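Here's the structure, in structure tokens; my notes come after.
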Amino acid sequence: MTTLQLLINGLALGAAYALVALGFVLVLNATSAVNFAQGDLVMAGGLLAVALAPLIPLPGIALLPVVLVAMAALGLVLALAAYLPLRRSPPVAVFISTIAVGIILQNGASVLFGPEPRAAPPLLSGGTVDLGGLVVAEQSLAIIAVAGLLIAGQQWLFARTQLGRRLRATAQDPEMARACGVPVTAMILVTFALGTAYAGAAGLLLANRYFVTPTAGGDLILKAYIAVTIGGWGSVPGAVVGALLIALFEVGVSSVLSYPVALGLLYAALLVILLARPQGLFGEAARRRA
């Protein structure tokens, strides 16, 4: 495999990781709490695509809107059940409640789908594209394109719409936002819906090439946590850049050595980054997080 092919594969994996990290950091900014169910929500999105495939025998791109809407609804349920009743409690309460949601999702998926790896339909087709002599998997290019559009859509929403301004105000200072008439609770619900929808989209994107199992969420939440740490807590661009760096590192090292070695070196690199620049690449002023 050529260097350019590895780069494209790394960007495709990183684009999916970026959606996971983006949803993670949106909820983090809006609530100052960590949603440790985010990785299991990715798994749920992938398995939802697997379940829809026999019912809607179309390419994955046609399933994407259904997955986004269904996962957004699940995000609302998550916020209503696991965050809002505990928002006045110590941060550890939300920490534990999201872990409990993740365990429920894992066990529910195991009962419904079994432990075997499953594959969702490809976004367009399972073929390849010849780019001037360079053969690239069509799925990789489609993942990059779809994730790029979703991330660009999120940036447009936050920068150009009244809803986006209210979401940003809620994330920056919820008490001041409430005093200015912003419905903070509603904005938190919207944020959970967005973050969960991005997780579901990532699950659909990953479930074709990398398969999905009920226990896949644990690895994904760690990748999101590392991406946010590398990029800087609270930084949306930092989460995206951190996710891309993680994926490129994984793919590059795995092609030379092996995936377990790449994973070990990734955690070693994280320790070095924490020692050298604990605020991350796009670090913000320190503040307490759950």
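The values are calculated or read from the model by the stated rules, or taken from the named source; none is laboratory data. These numbers were taken from a predicted model, which means no experiment stands behind them. We place every Cβ from the backbone using ideal geometry, glycine too, and count neighbours over all the protein chains shown. Protein only, heavy atoms only, side chains kept; ligands, DNA and RNA dropped before computing areas. Shrake-Rupley method; radii C 1.70, N 1.55, O 1.52, S 1.80 Å.
Details
- Scope region 65-79; condition among the aliphatic types (A, V, I, L, M) and over 23 Å from Glu116 (Cα atoms); matching residues: Val66, Leu68, Val69, Ala70, Ala72, Ala73, Leu74, Leu76, Val77, Leu78, Ala79
- Any hit, region 125-142, residues being over 24 Å from Ala239 (Cα atoms) and acidic (Asp, Glu): yes
Yes or no, residue by residue, for (1) farther than 19 Å from Thr229 by Cα; (2) at pLDDT below 90; (3) of a type in the set (Lys, Arg):
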position	(1), (2), (3)
Leu4	yes, yes, no
Leu26	no, no, no
Gly39	no, no, no
Gly46	yes, no, no
Ala62	yes, no, no
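- Qualifying positions in region 1-14 - in a helix (DSSP H, G or I), touching a residue at least 40 places away in the same chain (Cβ under 8 Å) and open to solvent by 10 Å² or more (accessible area, probe 1.4 Å): Leu4, Gln5, Leu6, Leu7, Ile8, Asn9, Leu11, Leu13
- Only one entry of Ile104, Ile96 meets the criterion of being within 16 Å of Val42 (Cβ to Cβ) and without any contact (Cβ under 8 Å) to a residue 24 or more places away in the chain, and that entry is Ile104.
- Unique match (being open to solvent by less than 30 Å² (accessible area, probe 1.4 Å), polar (S, T, N, Q) and touching a helix residue (DSSP H, G or I) at 6+ places or on another chain (Cβ under 8 Å)) among Thr215, Thr185, Thr196: Thr196
- Selection status of Ala72, small (Gly, Ala, Ser), touching a residue at least 12 places away in the same chain (Cβ under 8 Å), outside any helix (DSSP H, G or I) and buried (at least 16 other Cβ atoms within 10 Å of the Cβ): no
- Subset of region 47-91 [small (Gly, Ala, Ser) and either touching a His at 6+ places or on another chain (Cβ under 7 Å) or more than 13 Å from Pro122 (Cα to Cα) (or both)]: Ala51, Ala70, Ala72, Ala73, Gly75, Ala79, Ala81, Ala82, Ser89
- Whenever a residue of region 23-39 is closer than 11 Å to Ala79 by Cβ and part of a helix (DSSP H, G or I), its partners that are at pLDDT 90 or above and polar (S, T, N, Q), lying with C-beta atoms within less than 7 angstrom and at least six residues away or across chains, give the pairs Val27/Asn35; Val27/Thr191; Ala30/Thr170; Ala30/Thr191.
- Candidates Val25, Val34 - the one that is among the β-branched types (Val, Ile, Thr), within 11 Å of the chain's Cα centre (by Cα), closer than 16 Å to Leu189 by Cα and surrounded by 21 or more Cβ atoms within 10 Å (Cβ to Cβ): Val25
Here's the yes/no breakdown for (1) under 16 Å from the mean Cα position of the chain (by Cα); (2) surrounded by fewer than 21 Cβ atoms within 10 Å (Cβ to Cβ):
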{"residue": "Tyr225", "(1), (2)": "yes, yes"}
{"residue": "Gly234", "(1), (2)": "yes, no"}
{"residue": "Val240", "(1), (2)": "yes, no"}
{"residue": "Leu248", "(1), (2)": "no, yes"}
{"residue": "Val251", "(1), (2)": "no, no"}
{"residue": "Leu257", "(1), (2)": "no, yes"}
{"residue": "Pro260", "(1), (2)": "no, yes"}
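- Selection count, region 75-126, where residues are open to solvent by less than 50 Å² (accessible area, probe 1.4 Å), under 20 Å from Ala199 (Cα atoms), over 17 Å from the mean Cα position of the chain (by Cα) and of a type outside the set (A, V, I, L, M): 6
- Among the conditions (1) part of a helix (DSSP H, G or I); (2) open to solvent by 20 Å² or more (accessible area, probe 1.4 Å), Gln154 misses just one, which is (2).
- Matching residues, region 116-165, being touching a Lys or Arg at 6+ places or on another chain (Cβ under 9 Å) and either under 23 Å from Val240 (Cβ atoms) or among the aromatic types (Phe, Trp, Tyr) (or both): Ala137, Gln139, Ser140, Ile143, Phe158, Ala159
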